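I have a structure I would like to understand better, so I am pasting it below and will then ask my questions one at a time.
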């Protein structure tokens, strides 16, 4: 995961440098851009990283469900309470 992040950061820096050079000079920056994109390699996620991501996604989903259930409960409670006091 760190290798992928580092690779993407390096690609962003190299890409911005080639864009800056291309804009400043009259020569096109396509050869340098092609070279920079070929340097970035895709790293396959390990089983542990995939499991951690799934675990995180599951926790986030459950947190959202709990939050929505709580909101629904409080809204119903509020409406019930509101009707009692309107009479």
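Could you give the length gained by full extension between residue 43 and residue 66, i.e. 0.36 nm per residue of separation minus their alpha carbon distance, to one decimal place?
4.8 nm
According to a simple spin-label model (label point 7 Å from Cα along Cα-to-Cβ), what is the distance in nm between residue 57 and residue 76?
3.0
FYI, it's all coordinate maths here, none of it is from the lab. The structure displayed is predicted, hence computed values, not measured ones. So basically every Cβ, Gly included, is an ideal-geometry build from the backbone, and we count neighbours across all protein chains shown.
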